[in-house]
Amino acid sequence: MPSSGCASPAICESIRIVNLQEKIRAAASTQRSRAFPIVIVGHVDHGKSTLVGRLLHETGALPTGKVEQLRAVSEKRGLEFEWSFLLDALQVERDQGITVDTTQIWFHTQQRRYVIIDAPGHKEFLKNMVTGAAQADAAILVVDAAQGLAEQTRRHAYLLHLLGLRQVAVAVNKIDLIGFDANRFNDVAAAVRGYLASIGITAAQIVPVSAKEGDNIAEASANTPWYHGPTLLEALDGFPDRAAAVEQPLRLPIQDLYRVDDKRIIVGRIESGNLKVGDRLRFTPGGREANVASLEAWGNQAAPVAAVAGESVAFTLDEDVFVERGGLATAPDAPPLESTRILARLFWLDKEPLHAGQRLTLKLGTAETDALVEAIEEVIDVETLLPAKADHVERNGVARVILRSRKPLALDRYETMARTGRGVLARNFHIVAGFVVESAEGGRLADVTRVDASVSQADRAQLNGHRGGVLWLTGLSAAGKSTVAMAAMRQLFNRGRQVYVLDGDNVRHGLNRDLGFTPEARSENIRRLAEAARLMADAGLIVLVAAISPSQADRDQARGIIGEGFREIFVNADLSVCQQRDPKGLYKRALAGEIANFTGVSAPYEAPRQADLVVDTGSLAPIQAAQVLIDYAERQFAV
């Protein structure tokens, strides 16, 4: 008889299935019986904390005597009693008059239990608001009846959109301060409804309330006979429950691996789905597969045969496949995305602006890796909702960015699987941004595996006598980029260096022959140049790229693609000098209107903000300028 006590493998499998089905039913029931999480958001001073305090009072969630105690404390301190005092537990909050942290408060109605996450509205504490909203299934957006849609209200609403929250009720607060004016309420409601609709959110209900006086919180108010909708609590009860995590596809981030005697044990927490002995698993990145041989238990506990979402598990495999921390275990028929390049919707929280080309630490699930901000696709104006091109993102800004990670990531689109579709960016151990995954380049790449080179960069450097790298020569047309690059290539070649020039004009005859000269085409031109240069540098060559590359953002993108071997060289010559040289007659034609989008005439050139090297071809002869470049290359790429 097998050690498990089963009479046969078929009976064992039947027991596992029954056990799993029971656990799934129990887990789904438990999740639905848990408190329904709602986040309270809105502009500072619009009354969020007051509203939460009133909700607790109206639902009997406060300890006996708590309100009287706070009234006495307020009177002693010479303050008028405020319902917000229930939440402002930190002295700094009372001193400053603003909520600075997220607070979780439990209460219940006749329909179900709730946990309300009160998030700060002040822009200085937007990070806390994001933290709170990310945990919620629905939101209450608080809007001041007199002030209407303020900038921070729009920002918070847009962040709800970014985080995928689509269940939103609006509380138009302080209705008593406008004399319960129906026309004013209707105007505010129309503006809020229109804004939310423009960002893809349908307001479930818009309720006129007075958090201070209690109008339309738990009972319909006689002060608003013109309003025939639900109370705020009835609006909350109208939110449907989110689908149980246990009923979604399996997502098991790998936390760690242990060796116990002769067992290799993998541990992690099941974020969604379920797991049982005998299940086939796929591990991404990489796409390797194996069966679950056992679920482990510690001490004298009996080993389980199944586990569900929310449980931490330790398990072994029937094959010794490669698995590491940061990977993701899934079912083979429902794999995640796998990519090193993702399009993310990002909210920037750091005081220092975000620029393309910056390297940050990306954390998603248990995975952590270096990542490059390859490009800032657009910055969103939360007032107008219009996207705009920009080379940076200010604090509290919202943007769509392309992130390139150093190693492949296993992830999902946020709209599909929230738990594995959102992450954070950090710098020096401090979180500077939160993001959600919009898409990943290449889609599902679980069946595409990178092939490691059999010859390393160190091997090539030892053979060549130098490391590979890229000298990116940027400057105006006729500044001398190609002339200097070609002269330097000849001298470096004579010294035995492996060197090549990628000239912008030459590449447009082949690789980039399909591209024009619009800003978008120029950006793609630079991206392809950078990708080609990166491959050649990886092969051990010193690559001299001679290209106008007028946009700093495009050059930053190139730096990000190529990595630490990138050096930005500013070939500097005044526009007047370049126009006087004009070896190809291009300036003359551009000034005559025969050439559109010509850099320096009808299109801008952004000089490097901080070039690694400046070569002044306005004062140096070509051979002298080439020598400056040669000496620099020898120093930078020496073994």
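Here, each number is a calculation from the coordinates, and none is a lab measurement. Given the structure is predicted, the values throughout are model-derived calculations rather than measurements. For neighbour counting, all protein chains shown are included, and Cβ atoms are generated from backbone atoms with ideal geometry for every residue, glycine included.
Assorted remarks:
- Global geometry of segment 183-280, whether rounded, prolate or oblate, following the gyration tensor of its Cα atoms and the 1.5 cut on a/c: prolate
- Put simply, the amide H of Ala138, placed in the peptide plane, has neighbours under 5 Å in Val39, leaving out anything fewer than 5 places away on its chain.
- Per residue, the average separation of C-alpha pairs within less than 8 Å and at least 6 apart gives segment 498-593 a relative contact order of 29 percent.
- Whether segment 336-383 is rounded, prolate or oblate, judged on the alpha carbon gyration tensor where a/c under 1.5 counts as rounded: prolate
- Among 182-188, 517-523, the order from most to least packed when residues are scored by Cβ within 10 Å on average: 182-188, 517-523
- Per-residue Cβ neighbour rank within 10 angstrom, fewest leading, Ile265, Ile376: Ile265, Ile376
- Gyration tensor (alpha-carbon) shape descriptor, segment 464-556, a/c threshold 1.5: prolate
- Phi to ³J(HN,Hα) by Karplus 6.51 cos²θ - 1.76 cosθ + 1.60 over segment 257-268, Hz, x for Gly, Pro: 10, 10, 10, 10, 6, 9, 9, 9, 9, 9, 10, x
- Counting neighbouring Cβ atoms within 10 Å and putting the fewest first, the residues Ile431, Ile105 line up as Ile431, Ile105.
- Between the amide H of Asn173 and those of Val143, Asp144, Ala145, Val209, distances stay under 5 Å, these residues lying 5 or more places away or on another chain, with hydrogens modeled in the peptide plane.
- Its relative contact order, with pairs defined as Cα atoms under 8 Å and 6+ residues apart, puts segment 457-636 at 33 percent.
- 5 angstrom amide H check on Glu377, placed H, neighbours 5+ away: Arg400, Val401, Ile402
- Ranked by how many other Cβ atoms sit within 10 Å of their own Cβ, fewest first, the residues Lys588, Lys212 fall in the order Lys588, Lys212.
- Distance between segment 294-336 and segment 401-431 - C-alpha centres, whole angstrom: 23 Å
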